[in-house]
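*Asks:* Dropping a structure here in C-alpha cells format, bear with me for questions.
The values are calculated or read from the model by the stated rules, or taken from the named source; none is laboratory data. Please read all numbers here as calculations on a predicted model, not as lab measurements. Counting neighbours? That spans all protein chains shown, and the Cβs are built from the backbone with ideal geometry, glycine included. Accessible surface areas use protein heavy atoms only, side chains included; no ligands, DNA or RNA. Shrake-Rupley method; radii C 1.70, N 1.55, O 1.52, S 1.80 Å.
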Amino acid sequence: MPRAKTASQSLKSFNPRTGEVRKEIPVTPTAEVVEVVERARKMVPEWASIDPAGRARALREVRHRLHARVDDAVRIVSEETGKTPFEALAYDIMPTLLLLAYFEKVAPKALRRERVGRIIGPFAGVTSHVDYRPFGVVGAITPWNYPLLNCFLAFAPALFAGNTVVIKPSEVTPDCGELARDLLEPLPPSVATIIQGGGDVGAALVDAPCDKISFIGSPKTGRKICEAAAKHLTPVVMELGGKDSAIVCADADLDRAASGVGWGAFMNCGQTCTSIERVYVVDSVADEFERKLLERLQTIQQGDDVGPLTFKPQLEIIKRQVKDALDKGARVLAGGPEQARKNHNGSLWYTPTVVTDVDTGMNVLTQESFGPVLAYVRVPDEEDAIRRANEDGVNLTASVWTRDKTRAQRLADRLRAGVVTVNLHAESPAAPWAPWGGVGESGFGRLNGIAGLREFTVPTHIERASGPNVGRMWWYPHDEATKVSMRALVDVLGSPETKERVKAAGTLAANALKSMKAKF
Ligand code: NAD
C-alpha cells in the first residue's frame, strides 16, 4: 500500500529555462484519493443521465473557458515546460481546442443506441441493439510533455461518453494541472476532479479502484499500472512511448523530407512520444539529404524556436546516450555535448543533436531518448530500412518519405507501428478524428476518433424477443422434434453440400414448429 502523505506536502513548479521555482502546489494526500473517487462515483448516474448532446454542451463551456484564458494558458504551459510560447499555443492549446470541438460534434451521434443484425435462423424472432454505456469513474494519469493536450486526450473522451473522471496530472508540471482544474470549473462538482502528486498518488488512484484507467506515460510505469489494475480486474488503456523511425526513400522530395524530419525530431525539444528518433536514409540520397537536414537545423534558434528540456532526468538520459554513442565510435553531425548552451541554476538546455555511425549496441538507436537527439542511419535500400525500422527499436508511429503513392502504401503496410504517416510525422496524437495508440510495447487501446470515444464505453447488447410467441428451440423439453430440428439446423449451417443443406432445411421446417409448440 502507498504511504499516506500529509496535506502539508507540496510539489514545486520549476521554470526549466531559468531553474527558478515558480510556485508550490499542495499534494493530495494519498489517504484522500479513495474519497475523491467515491465522490466521483456518486456523480456517475447524474452525469450519465444527461444525453450526449447535453454533455457536449457542458464541455463546450470548458472549450470556451480555455479560449478566454488562452494568454494565461500559453504563459503557464510555456513557463513550466520551457517550450516556446508558439509551441505552447500550437502544440498544446490549439489541439486541445480541436479535440474538444471534434468530440462535441461527433459524440452525440457515435454514442447513439445502435441496432445490430437482421437475425435469422436459430435466433429468429429477436431484435438486438447496443447501448454505449459508461464504465463509471475513469482515472486518468498523464505525463508532462504536453501537459494540457495529453491531459485532455486521456480524460475528455471519457467525459463525453458519460463517465466521471479523476485526473492525476504529472508532478513535473503541477501548475498546468491547476490550469486544467480551473478550465474544468464549468462542469458540475465531482464530474472531473484534479488530484495532485507523484507516482504514489497515481498508484492510490489505480488502487482506489477506478472503473477504468486511462494512462499516458512511459512503458515502465505502464507495466506497474497494469499489474496494480489486474488486482481489481480494472480495464486499462495504455498510451506509451516509442523510438519512432522515419524512412527517406531515394525518390523522396528531399527538401520536404529535411524540413519534416527536422521538425519531427526537434519540436518540443524532442520530448514528444512521436518524435523522430531514428532516420533511415537510402544511400543514394544520403549525402544530399544530410546536407539539407543540417542546413535546416542551422535555422533553429535555441530559445526562440526550441526551448530547454522540461525535466532534469531527461537531460541526464540525453547526456548519457550521446556520451555512450560517442565512446563507442558514433560521430556528431550537428549539436552535441560541446555545443550545449550553458545551464545555470538548474536550467536544462541541450542543443538539437544529430549522431551517425550508430549501431544497435548503442542506446541512442534502440531506447527512447525523449529529447533533442536524432540517430542518422544510412541504409543500402528500402528493404533494409523497413527491417531496421521494425527491429532496432519500438515504433509508436513511423513515417515513409517518398513521392510514389504505391511505394508509400507498400512500405507502410510492412511497418509495425500504431500509426504510419507518409511525408508527415509526429502530428497524429493531435488529430482527434482518427484512432490514436501504439502496438506492442508502445501501448494498447485507443484514444481519439470514434474508437477512442467508445474505448470509454461498455457496448451493452440488449436482446429482446420480438413477440410473445417467440419460442427457443433449446428450451425444455428436449423432445424428438427438438433433437431432429437441432441436427438439421447444424447441417444447414455447416454442410458444404447444397443437396444436404436443402434436405436439412426441409427437415427443419417440418419439425421446428412442433418443437416450439411444446415449449410453452
Ligand atoms: P512516467 O511514466 O514517468 O509518468 C507518467 C505519469 O504516471 C505521471 O503522472 C506519474 O506521476 C505517474 N506514475 C508514476 N508511477 C506511477 C505508479 N506506480 N502508479 C500510477 N501512476 C504513476 O512518464 P513521463 O515521464 O511523465 O512521460 C514520458 C513518457 O510518456 C515517455 O515514455 C513518452 O513517450 C510517453 N508519452 C506517451 C504518449 C502517447 O500518447 N503514447 C504521449 C506522451 C508521452
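*Asks:* By how many nm would the segment from Phe520 to Glu46 grow when fully extended, if each residue of separation counts as 0.36 nm and the alpha-carbon distance is taken off? If you can, show how the numbers build up before the last one.
*Replies:* Numbers: separation 474, 0.36 × 474 = 170.64 nm, distance 4.12 nm.
Using 0.36 nm per residue and subtracting the Cα-Cα distance, I get 166.5 nm.
*Asks:* Charges on Cβ only, +1 for Lys and Arg, -1 for Asp and Glu, centred on the Cα centroid of segment 229-376; of Gln321, Tyr376, Ala230, which one is farthest towards the dipole's positive end?
*Replies:* It is Ala230, whose Cα lies furthest towards the positive end.
*Asks:* With every protein chain present, what is the per residue accessible area of segment 276-364 (1.4 Å probe, Å²)? Intermediate results must be reported in sequence, preceding the final value.
*Replies:* Details: 4370 Å² over 89 residues.
Per-residue accessible area for segment 276-364 comes out at 49 Å².
*Asks:* Can you list residues whose amide H is under 5 Å from Leu11's amide H, if they're 5+ apart or on another chain and H is modeled 1.01 Å from N?
*Replies:* Ile25, Val27
*Asks:* Another question, if that's okay. Which whole-angstrom value gives the distance between the alpha carbon centres of segment 336-361 and segment 197-211?
*Replies:* 35 Å
*Asks:* May I pose another question? Regarding segment 281-332, what's the average projected area of the Cα-atom convex hull, expressed in nm²?
*Replies:* Numbers: hull surface 19.7 nm².
If you wrap the Cα atoms of segment 281-332 in a convex hull and average its projections, you get 4.9 nm².
*Asks:* For the chain, build the convex hull from the C-alpha positions and give me its volume per residue in Å³.
*Replies:* Numbers: hull volume 96.1 nm³, N = 520.
Cα-based convex hull of the chain, divided per residue, equals 185 Å³.
*Asks:* Same structure again: What net charge is computed for the residues neighbouring Cys226, neighbours being all others with C-beta under 15 Å from the C-beta of Cys226, Lys and Arg scored +1, Asp and Glu -1?
*Replies:* On the way: positive: Lys212, Lys220, Arg223, Lys224, Lys231; negative: Asp207, Glu227, Glu239, Glu441.
Summing Lys/Arg as +1 and Asp/Glu as -1 gives +1.
*Asks:* Working from the alpha-carbon coordinates of segment 139-247, get Rg over Rh, Rh being the Kirkwood radius. Could the numbers behind the result be given before it?
*Replies:* Numbers: Rg = 13.5 Å, Rh = 14.0 Å.
The Rg/Rh ratio comes out at 0.97.
*Asks:* Now for a different question. Are there GluC sites (Glu not before Pro) in segment 351-423 that DSSP puts in a loop and that have at most 14 other Cβ atoms within 10 Å, and which ones? Please report the intermediate quantities before stating the final value.
*Replies:* On the way: sites: Glu368, Glu382, Glu383, Glu391; in loops: Glu368.
Sites meeting the loop and neighbour criteria: none at all.
*Asks:* Sorting check: for 313-322, 508-517, 468-477, which peptide has the highest mean count of neighbouring beta carbons within 10 Å, and how do the rest follow? Walk me through the intermediate numbers first.
*Replies:* Details: 313-322: 18.9, 508-517: 17.0, 468-477: 11.9.
Top to bottom by mean Cβ count within 10 Å: 313-322, 508-517, 468-477.
*Asks:* Measuring with a 1.4 Å probe in the full set of protein chains, what accessible area per residue, in whole Å², belongs to segment 195-272? Please report the intermediate quantities before stating the final value.
*Replies:* Details: 2270 Å² over 78 residues.
Normalised by residue count, the accessible surface of segment 195-272 is 29 Å².
*Asks:* Quick one: pull the percent of accessible area on the chain belonging to carbon and sulfur, 1.4 Å probe, ligands and nucleic acids left out. Numbers along the way, then the final one.
*Replies:* Values: 12410 of 22970 Å².
Carbon and sulfur: 54 percent of the exposed surface of the chain.
*Asks:* List every residue whose amide H lies under 5 Å from the amide H of Asp251, counting only residues 5 or more places away in sequence or on a different chain, with H placed 1.01 Å from N in the peptide plane.
*Replies:* Arg403
*Asks:* Alpha carbon centre of segment 181-195 versus segment 478-520: separation in Å?
*Replies:* That distance is 59 Å.
*Asks:* Per DSSP H run of n ≥ 4, the term is -39500 (n - 2.57); total these for the chain, divide by its residue number, and report the mean residue ellipticity at 222 nm rounded to 500 deg cm²/dmol.
*Replies:* Numbers: 17 runs with 218 residues, N = 520.
Theoretical 222 nm ellipticity from helices: -13000 deg cm²/dmol.
*Asks:* Through the Karplus equation 6.51 cos²θ - 1.76 cosθ + 1.60, θ set to phi - 60°, convert the phi angles of segment 370-384 into ³J(HN,Hα) values in whole Hz; use x for Gly and Pro.
*Replies:* 6, x, x, 10, 10, 8, 9, 10, 8, 10, x, 7, 5, 3, 5
*Asks:* What does the highest-first list of 398-410, 207-219 look like by mean Cβ count within 10 Å?
*Replies:* Values: 398-410: 19.0, 207-219: 23.2.
Ranked from most to least packed, the peptides come out as 207-219, 398-410.
*Asks:* Okay, next question. Run the numbers on segment 241-385 and let me know its relative contact order in percent, using alpha-carbon pairs under 8 Å that are six or more apart.
*Replies:* 32 percent
*Asks:* Here's something else I'd like to know. Please state the relative contact order of the chain as a whole percent: Cα pairs under 8 Å, 6+ residues apart?
*Replies:* Working: 1114 pairs, mean separation 87.2, N = 520.
In percent, rounded to a whole number, it is 17.
*Asks:* Provide the packing ranking of 173-181, 39-47, i.e. peptides ordered by the mean count of other C-beta atoms within 10 Å per residue, highest first. Spell out each step's value before the answer.
*Replies:* Details: 173-181: 24.1, 39-47: 17.0.
The packing order, highest mean first, is 173-181, 39-47.
*Asks:* Report the percentage of all Cα-Cα pairs in segment 82-150 whose separation exceeds 21 Å, rounded to a whole percent. Mind dumping the intermediate values first?
*Replies:* Working: 1296 of 2346 pairs.
That fraction is 55 percent.
*Asks:* With every protein chain present, what is the per residue accessible area of segment 1-115 (1.4 Å probe, Å²)? Don't skip to the end; give the middle numbers.
*Replies:* Values: 6150 Å² over 115 residues.
Result: 53 Å² of accessible area for each residue.
*Asks:* Let me ask something else. Going by amide H atoms built from the backbone, whose H comes under 5 Å of the H on Thr421, apart from near neighbours?
*Replies:* The answer is Ala398, Ser399, Val400.
*Asks:* Convert each backbone phi in segment 321-331 into a coupling constant with the Karplus relation 6.51 cos²θ - 1.76 cosθ + 1.60 (shift: θ = phi - 60°), then list the ³J(HN,Hα) values in order as whole Hz, x for Gly and Pro.
*Replies:* 5, 5, 4, 4, 5, 5, 4, 9, x, 6, 10
*Asks:* Calculated FRET efficiency, Arg291 and Lys405, Cβ-Cβ r, R0 30 Å, to nearest 0.05? Show your work: numbers first, answer last.
*Replies:* Values: r = 27 Å, r/R0 = 0.89.
Approximately 0.65, to the nearest 0.05.
*Asks:* Okay, moving on. For segment 220-323, calculate the relative contact order in percent as a whole number, restricting contacts to Cα pairs under 8 Å that are 6 or more residues apart.
*Replies:* Values: 86 pairs, mean separation 27.8, N = 104.
Rounded, it is 27 percent for segment 220-323.
*Asks:* How are the C-alpha pair distances of segment 1-105 spread across 5 Å bins, as whole percents from the shortest bin up?
*Replies:* Computed distribution, short to long bins: 2, 10, 13, 13, 14, 17, 18, 11, 2, 0.
*Asks:* Which of the aspartates and glutamates could a cross-linker bridge to Lys342, judged by Cα under 20 Å and excluding same-chain residues fewer than eight apart?
*Replies:* Leaving aside aspartates and glutamates fewer than 8 places away in the same chain, those within reach of Lys342 are Glu20, Glu79, Glu80, Asp304, Asp305, Glu316.
*Asks:* Which part of segment 58-88 falls in the paramagnetic zone of Lys12, meaning amide N under 17 Å from the point 7 Å along Cα-to-beta-carbon?
*Replies:* 80-82
*Asks:* Please say if segment 222-331 is rounded, prolate or oblate, where rounded means a/c under 1.5 for a ≥ b ≥ c the square roots of the C-alpha gyration tensor eigenvalues, and otherwise the choice is prolate for a/b larger than b/c and oblate otherwise?
*Replies:* Working: a/c = 2.11, a/b = 1.75, b/c = 1.20.
Prolate shape, in that a/c is at least 1.5 and a/b is the bigger ratio.
*Asks:* Which ³J(HN,Hα) values in Hz, rounded to whole numbers, follow from the phi angles of segment 275-291 under the Karplus curve 6.51 cos²θ - 1.76 cosθ + 1.60, where θ = phi - 60° and Gly and Pro get x?
*Replies:* 4, 6, 10, 9, 10, 9, 10, 5, 3, 4, 10, 5, 5, 5, 5, 4, 4
*Asks:* Considering only the other residues whose Cβ falls under 15 Å of the Cβ of Thr142, what net charge follows from Lys and Arg at +1 and Asp and Glu at -1?
*Replies:* On the way: positive: Lys168, Arg181, Lys212; negative: Glu80, Asp92, Glu171, Asp175, Glu178, Glu239.
Once all neighbours under 15 Å are counted, the net charge is -3.
*Asks:* Turning to a different aspect of this structure: Would you kindly state how much longer the chain becomes between Ala53 and Ser259 on full extension, computed as 0.36 nm times their sequence separation minus their alpha carbon distance, in nm to one decimal? Working shown, then result.
*Replies:* On the way: separation 206, 0.36 × 206 = 74.16 nm, distance 4.13 nm.
Taking Ala53 through Ser259 to full extension adds about 70.0 nm, to one decimal.
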